[in-house]
Amino acid sequence: DRDRLLRLRGTAAQTLDGVDISLHANIELPGDAATALAAGAAGIGLFRSEFLFMQRAGSLPGEEEQFQAYRSVCEAMGERPVTIRTIDIGADKPLERGSTDSRADRGLNPAMGLRAIRWSLAEPTMFLTQLRALLRASAHGRLRILVPMLMHVREALQVRQYLTQAQNELRAAGIPFDEAVPLGIMVEVPAAAIALDVLLPHADFVSIGTNDLIQYTLAVDRADEQVSDLYDPWHPAVLHLLQRTIALTHRAGKTASICGELAGDPQLTDLLLAMGLRQFSMHPSRLLPIKQQILRADCGKLEQALPDILSSSDPQATAQSLWRGATPLH
Ligand code: PEP
Ligand code: MG
């Protein structure tokens, strides 16, 4: 079975009815790019840059060290797109105590506190350093910048201002960068999904972080085992937000991707295809099983069942009964 999967590595990810799907990899450190390529990734959909900052007791990485890390991923991936997320520190990913700044560890409720883009906007020096490093690396590949946990237009405007400032600084110093580097937002707070219309004009692309989106939609801590049975990707509220986010993003002529664990779960592949999702990003080890699922799917047939599934009180059971035959069950 493993051999069969490995043979899929060079096969195009295309459904039975000829729809091309982009399968990207999530990585945590630059060295993971090789693993992503070995698994046949068409790009990096999520480089969690905070891993460069974690488990460091002393100083945090400066512009040069970050630049080298981002550039090495861009160079490893060549023509393939590389989506690098700005630091998503706080909550389940704290900085070491005693490091330059541990404010993100001190909130009353870290999941709802100063984390991700909120932290970056509270630390403009750090944020500008990261943006300059990212821009410099953009001269060495197809780099895209992704902002975590954004939920307010005000935040989007501030991010754009800092990006412009970093660009001006590099331009003044004669340092090359991609003038058209795409800037995307993660939809991982329900507010961002609900108010997507007002955020979309500020985003070149959208990546849905289902790990957090499920946590915040259902008020179920993603890491709390006492409530892990309530952490349900099939909850109608979650499906509604996913469907809406994908549809609105596509209607605006932009790309929607999912980079949460959902994207790597073969039980959900059919549903996500039915919703119109055409880009998935996942742990490299999930790429081949998901590709196998895609090769057996027929988007046209899957789409027909979507309204019944979305209006069902038990979407998972409805999907299973409607799709028996459309795609072999797992
Ligand atoms: C997510 O929330 O789905 C996501 C991809 O980000 P992280 O898991 O790093 O919070
Ligand atoms: Mg997240």
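Candidates in segment 211-252 are the residues that are touching a strand residue (DSSP E or B) at 6+ places or on another chain (Cβ under 6 Å) and of a type in the set (S, T, N, Q); of these, the one that is farthest from ligand 1 (Cβ to nearest atom) is T249. Against the test of being away from ligand 1 (no atom under 16 Å from the Cβ), at pLDDT below 95 and over 21 Å from E188 (Cα atoms), the options G325, G300 yield a single qualifying residue, G325. Within the set F47, F51, F67, the sole residue that is among the aromatic types (F, W, Y), buried (at least 17 other Cβ atoms within 10 Å of the Cβ) and farther than 22 Å from S207 by Cα turns out to be F67.
One residue stands out in segment 129-166 among those that are of a type in the set (A, V, I, L, M) and assigned to a strand (DSSP E or B): the one that is farthest from the chain's Cα centre (by Cα), namely L143.
From the residues in segment 154-195 that are touching a Ser or Thr at 6+ places or on another chain (Cβ under 6 Å) and more than 16 Å from ligand 1 (Cβ to nearest atom), which one is nearest to A256 (Cα to Cα)? The residue in question is V181.
Considering each residue of segment 214-234 in turn, at least one proves to be surrounded by 19 or more Cβ atoms within 10 Å (Cβ to Cβ) and either on the phi > 0 side of the Ramachandran plot or aliphatic (A, V, I, L, M) (or both). Restricting attention to segment 114-128, the residues that are acidic (D, E) and either assigned to a helix (DSSP H, G or I) or in contact (Cβ under 8 Å) with a residue 60 or more places away in the chain (or both) add up to 0.
Contact map, segment 181-206: first residue over 17 Å from P81 (Cα atoms) and within 14 Å of ligand 2 (Cβ to nearest atom), second residue of a type in the set (G, A, S) and not in a strand (DSSP E or B), Cβ cut-off under 8 Å, separation 6 or more or different chains; pairs are V187/A193; V187/G209; E188/G209; E188/G260. Of the strands (runs of 3 or more DSSP E) lying entirely inside segment 1-113, those carrying at least 1 residues that are touching a strand residue (DSSP E or B) at 6+ places or on another chain (Cβ under 7 Å) and within 22 Å of A166 (Cα to Cα) are 44-48, 81-85. Only a single item in (1) among the polar types (S, T, N, Q); (2) under 24 Å from A237 (Cβ atoms); (3) without any contact (Cβ under 8 Å) to a residue 24 or more places away in the chain is not met by T164, and it is number (2). M54 - would you say it is more than 16 Å from ligand 2 (Cβ to nearest atom) and either touching a residue at least 12 places away in the same chain (Cβ under 8 Å) or touching a Lys or Arg at 6+ places or on another chain (Cβ under 6 Å) (or both)? Considered against the rule, which asks whether it is more than 16 Å from ligand 2 (Cβ to nearest atom) and either touching a residue at least 12 places away in the same chain (Cβ under 8 Å) or touching a Lys or Arg at 6+ places or on another chain (Cβ under 6 Å) (or both), M54 comes out as no. Within segment 78-93, being farther than 22 Å from I175 by Cα and either more than 16 Å from ligand 2 (Cβ to nearest atom) or aliphatic (A, V, I, L, M) (or both) holds for R80, I87, I89, A91.
The values are calculated or read from the model by the stated rules, or taken from the named source; none is laboratory data. These figures come from a predicted structure and were not determined experimentally. Using ideal geometry, Cβ is built from the backbone for each residue, glycine included, and neighbour counts are taken over all protein chains shown.
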